[in-house]
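Asker: Starting off with a structure, shown below.
The values are calculated or read from the model by the stated rules, or taken from the named source; none is laboratory data. Keep in mind it's a predicted model, so treat the numbers as computed, not measured. Please note: Cβ atoms are built from the backbone with ideal geometry, for glycine as well, and neighbour counts cover all protein chains shown.
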Amino acid sequence: MRHLPTRTTRTSHRRVIGALTAGLLCTAGAAAPAVAESPAPAAATAAAAPQSGNGLALTPPMGFNNWNSTHCRAEFNESMVKGIADIFVEKGLKDAGYRYVNLDDCWAKPQRDADGKLEADPVRFPNGIKAVADYVHSKGLKLGIYTSAGTKTCDSVGLPGALGHEYSDAQQFADWGVDYLKYDNCNNQGVDAKLRYTTMRDALEATGRPIVYSICEWGENKPWEWAADVGNLWRTTGDISDSWGSMLSIMKQNLPLASAAGPGHWNDPDMLEVGNGGMTDTEYRTHFSMWSVMAAPLLIGSDLRKATPETFEILSNREVIAVDQDPLGKQGTVLSSTDGRWVVAKEMRDGSRVVALFNESGSAQRIATTAKAAGLPQAAAYTMRDLWEHATYNTAGTISATVPAHGTVLLRVAADRKWAAHPPAVELGLNGSPLVEAGRTAPLTTTVTDLGRTPATKVSAALTGPSGWQIKPLSPTGSATVPTGKALTTRWQVTPPAGTATGTYDLTLSAQYRSPAGTRVRSSVPFQAHVVVAPPAGSSYLSDLPQLSSSNGWGPVEKDTSNGESNAGDGNPLTIGGTVFTKGLGVHAPSAVEFYAAGACSAVTAQVGVDDEKGAKGTVAFEVWADGTKVASTGVLTNAMAAQPISADVRGAQVVRLVVTDGGDGVDSDHADWADLRMGC
């Protein structure tokens, strides 16, 4: 938890409308098993990685922390903590592996007592911390607590920190029955980080109580290089917020650190935001999938007393949890990430590989790899388990899916001699741009491709859309047989009614087929169709035109003001180098905004830079993309620089994408302005 004076820690962002992520490999007609069905590997079981440190957290810790949902608000209290413990038991989260119920900042009184001891806030915790620990323990769970490796904690008031009190505080935590310590980094007085965190490690060990030790110094001193024998986990980034841009940025910072993770010592990309409301369920499934593939701690950050069934469904998916909790302790590694199409593979102890096909972009994308590329041995065929759809198939070696915008398909693949017992996997695909103008017909082409070693028979496809839309097939929608590697291809005409409002609408491609054994299989995948309006002729300010999609690191993309980091309209006048601009977009890195150009526009121009409101902070880089090709960029800009011109040739492009990256040094204070932003058409 890190608090910057000008940054809020909870944000919203403009959602991309869409259906829940479906594993785009089929959903079998039979009921799914309640527990993970792990393919049996042909290869020998891999040896477990060595552990280090205090012998705790041999798999990534799982539990709850209140900070993301409550901060220091009054609702964080004894009643809430006990209620979360009750829910862990009642909703099956304890049985799914969640153990720790952790208190964050603001549990303590503002001053120590006359003996220098910490005391619980009597309003929040009238019965003290030990009573709370006893209650949590009575449920078969464990209690965690928080303090800072400084003179005060990170709360704006500043409660007592542990710097200089390490042994006393550690013993007090042990006496209370604490099982987990989150040790923050605020008010650290410039003392060397490794020294501060090592001192608390020694203090915890001196108590004789097993206490999981979480180092929260935000990755500032590269703890992945030195903390494996100091703590059980270490934050690799600044605070997460409940937005797609924040989650994505943190994921990208954590992914390259795979070699540092292992049993007892984990990279920590911060707590889960699943269920807090700032992302779609599709995006939350991606969040949960990628944290599991990265062998990250799974600490629920939403108030479970208010959680939806969808939130519980995501958090309690035992097949995905099994990926995170695999005893081998390997963090997944990136196989490819071209144009936002990510393939990340994780080695499992049973010899299988978990492959995440993750789509960073704002439209559906085909993402593919192979069993060989994922690290599996050569085999006649492979068993492939879809961990969100809870269904198993065979594949000849191709691992692919058409993945919805911001979605993830999570697959567990093994060289399994019993592959023939499962139906062939099929991939449902869409060719052509799902950009349509109201009242006008657009062509689309769908494919149903057999990825399996066995043929799919009696294959049929259907494309459906919103009420009132006309969707007409122009070629056959069925085939008696689709052999391995072949596809049923169908051309369609799609026409939204005249007067349909601009925006994003759901189309669904469905398929039915049979396996050679006669098993009937059904599959469906959502796509997003954008109803668009061609931009007007002449030069237009892009802040006056509708956006196809947007993602932003903090808060929404702002029109004609700077980024305010929280709610729409909370920014200031766009100001770069002392010059005020009346028109443009205010964003926070990492950011991407897309506009429809209809192939009728010639150039995008702007004056760009870091907004003055951040003082001397902030470094960013601006990019303009035309239909997936980068056509202009600025390089790294700092707050000390005046506005810089950028001009991009976008002739013939259907979609123009404006991107801001963090300049390579993290996203702190990266308020970026696209000032005087125009497109000529």
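Asker: Taking strands (runs of 3 or more DSSP E) that fall entirely within region 262-337, which contain at least 2 residues that are surrounded by fewer than 23 Cβ atoms within 10 Å (Cβ to Cβ)?
Answerer: 333-336
Asker: So, one more: Would region 189-198 turn up any residue that is buried (at least 21 other Cβ atoms within 10 Å of the Cβ), modelled with pLDDT of 95 or more and part of a loop (DSSP other than H, G, I, E, B)?
Answerer: Checked against the condition, which is being buried (at least 21 other Cβ atoms within 10 Å of the Cβ), modelled with pLDDT of 95 or more and part of a loop (DSSP other than H, G, I, E, B), region 189-198 yields no hits at all.
Asker: Here is a follow-up. Would you mind stating whether GLU119 is free of Cβ contacts under 8 Å to residues at least 12 places away in the same chain and either surrounded by fewer than 16 Cβ atoms within 10 Å (Cβ to Cβ) or touching a strand residue (DSSP E or B) at 6+ places or on another chain (Cβ under 6 Å) (or both)?
Answerer: no
Asker: On to the next question. Looking only at region 506-514, decide whether some residue is aromatic (Phe, Trp, Tyr), buried (at least 21 other Cβ atoms within 10 Å of the Cβ) and modelled with pLDDT under 95.
Answerer: No.
Asker: Tell me, please, whether a residue that is in contact with a His (Cβ under 7 Å, 6 or more places away or on another chain) and buried (at least 23 other Cβ atoms within 10 Å of the Cβ) can be found in region 398-409.
Answerer: no
Asker: Return only the number of the condition from (1) surrounded by fewer than 18 Cβ atoms within 10 Å (Cβ to Cβ); (2) over 33 Å from the mean Cα position of the chain (by Cα) that VAL533 does not satisfy.
Answerer: Condition not satisfied by VAL533: (2).
Asker: Take the residues of region 225-261 that are at pLDDT 95 or above and small (Gly, Ala, Ser): which is surrounded by the fewest Cβ atoms within 10 Å (Cβ to Cβ)?
Answerer: SER259
Asker: Return the residues of region 87-116 that are in contact (Cβ under 8 Å) with a residue 40 or more places away in the chain and part of a helix (DSSP H, G or I); say none if nothing qualifies.
Answerer: Listed by number, the residues that qualify are ILE87, PHE88, VAL89, LEU93, LYS94, ALA96.
Asker: Would you pick out the residues in region 418-447 that are among the β-branched types (Val, Ile, Thr) and either free of Cβ contacts under 8 Å to residues at least 24 places away in the same chain or surrounded by fewer than 18 Cβ atoms within 10 Å (Cβ to Cβ) (or both)?
Answerer: THR441, THR445 - these are the residues of region 418-447 that are among the β-branched types (Val, Ile, Thr) and either free of Cβ contacts under 8 Å to residues at least 24 places away in the same chain or surrounded by fewer than 18 Cβ atoms within 10 Å (Cβ to Cβ) (or both).
Asker: While we're on this one: Might you check whether a residue that is among the aromatic types (Phe, Trp, Tyr) and closer than 23 Å to GLY128 by Cβ occurs anywhere in region 154-174?
Answerer: yes
Asker: Quick one: in region 463-478, of everything that is touching a residue at least 24 places away in the same chain (Cβ under 8 Å) and of a type in the set (Gly, Ala, Ser), which residue is farthest from SER523 (Cα to Cα)?
Answerer: GLY468
Asker: Let me ask something additional. List, please: which pairs have Cβ atoms under 6 Å, are six or more places apart or on different chains, and start with a residue in region 654-665 that is closer than 17 Å to SER249 by Cβ and modelled with pLDDT under 95 and end with one that is surrounded by fewer than 20 Cβ atoms within 10 Å (Cβ to Cβ) and not small (Gly, Ala, Ser)?
Answerer: Note: pairs meeting the criteria are GLY663/VAL636.
Asker: Of (1) within 27 Å of ASP627 (Cβ to Cβ); (2) out of contact with any Phe, Trp or Tyr (no Cβ under 9 Å at 6 or more places or on another chain), LEU444 satisfies all except one. Which?
Answerer: (2)
Asker: Now for a different question. Among residues belonging to region 152-186 that are among the polar types (S, T, N, Q) and in contact with a strand residue (DSSP E or B) (Cβ under 8 Å, 6 or more places away or on another chain), point out the one that is farthest from TRP107 (Cα to Cα).
Answerer: ASN185
Asker: Now for a separate question. So, in region 124-144, exactly how many residues are buried (at least 24 other Cβ atoms within 10 Å of the Cβ) and assigned to a strand (DSSP E or B)?
Answerer: Qualifying residue count for the region: 2.
Asker: Out of ALA46, ALA96, ALA28, ALA42, which single residue is touching a Lys or Arg at 6+ places or on another chain (Cβ under 8 Å), modelled with pLDDT under 95, under 24 Å from MET294 (Cβ atoms) and of a type in the set (Gly, Ala, Ser)?
Answerer: ALA46
Asker: May I pose another question? Tell me, which strands (runs of 3 or more DSSP E) wholly within region 547-596 include 1 or more residues that are at negative phi, buried (at least 24 other Cβ atoms within 10 Å of the Cβ) and not assigned by TED's automatic domain parsing to the domain that holds MET247?
Answerer: 549-551, 574-576, 584-588, 591-596
Asker: I want to confirm something. Restricting to region 641-681 and keeping residues that are part of a strand (DSSP E or B) and charged (D, E, K, R), which single residue is surrounded by the most Cβ atoms within 10 Å (Cβ to Cβ)?
Answerer: In this case the residue turns out to be ASP673.
Asker: Looking at the structure I just gave you, is ILE211 farther than 21 Å from ASN68 by Cβ and either surrounded by fewer than 16 Cβ atoms within 10 Å (Cβ to Cβ) or in contact (Cβ under 8 Å) with a residue 12 or more places away in the chain (or both)?
Answerer: Yes, satisfied.
Asker: Additional query: Just name the residue that is nearest to the chain's Cα centre (by Cα) out of those in region 488-503 that are surrounded by fewer than 19 Cβ atoms within 10 Å (Cβ to Cβ) and either outside any loop (DSSP other than H, G, I, E, B) or polar (S, T, N, Q) (or both).
Answerer: GLY503
Asker: What do you reckon, is THR147 among the hydroxyl-bearing types (Ser, Thr, Tyr), surrounded by 16 or more Cβ atoms within 10 Å (Cβ to Cβ), assigned by TED's automatic domain parsing to the domain that holds LEU298 and not in a strand (DSSP E or B)?
Answerer: Answer is no for this residue.
Asker: Do we have LEU163 as assigned to a loop (DSSP other than H, G, I, E, B) and hydrophobic (A, V, I, L, M, F, W, C) here?
Answerer: yes
Asker: Determine whether region 95-102 contains at least one residue that is surrounded by fewer than 24 Cβ atoms within 10 Å (Cβ to Cβ) and either more than 29 Å from the chain's Cα centre (by Cα) or of a type in the set (A, V, I, L, M, F, W, C) (or both).
Answerer: Yes; the residues of region 95-102 include at least one that is surrounded by fewer than 24 Cβ atoms within 10 Å (Cβ to Cβ) and either more than 29 Å from the chain's Cα centre (by Cα) or of a type in the set (A, V, I, L, M, F, W, C) (or both).
Okay, residues lined up against (1) assigned to a loop (DSSP other than H, G, I, E, B); (2) touching a residue at least 40 places away in the same chain (Cβ under 8 Å); (3) assigned by TED's automatic domain parsing to the domain that holds LYS252:
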{"position": "GLY599", "(1), (2), (3)": "yes, yes, no"}
{"position": "GLN607", "(1), (2), (3)": "no, yes, no"}
{"position": "VAL620", "(1), (2), (3)": "no, yes, no"}
{"position": "GLU623", "(1), (2), (3)": "no, no, no"}
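Asker: Now a separate question. Out of LEU387, LEU357, which single residue is touching an Asp or Glu at 6+ places or on another chain (Cβ under 8 Å) and crowded, with 24+ Cβ neighbours inside 10 Å?
Answerer: Unique residue meeting the criteria: LEU387.
Asker: Could I ask something else about it? Taking the options ALA295, ALA322, name whichever one is closer than 23 Å to VAL89 by Cα and either in the same structural domain as SER241 (by TED's automatic domain parsing) or of a type in the set (A, V, I, L, M) (or both).
Answerer: ALA322
Asker: Within region 527-546, can you find the residues that are within 23 Å of GLY499 (Cβ to Cβ) and in a loop (DSSP other than H, G, I, E, B)?
Answerer: VAL533, ALA534, PRO535, PRO536, ALA537, LEU545, PRO546
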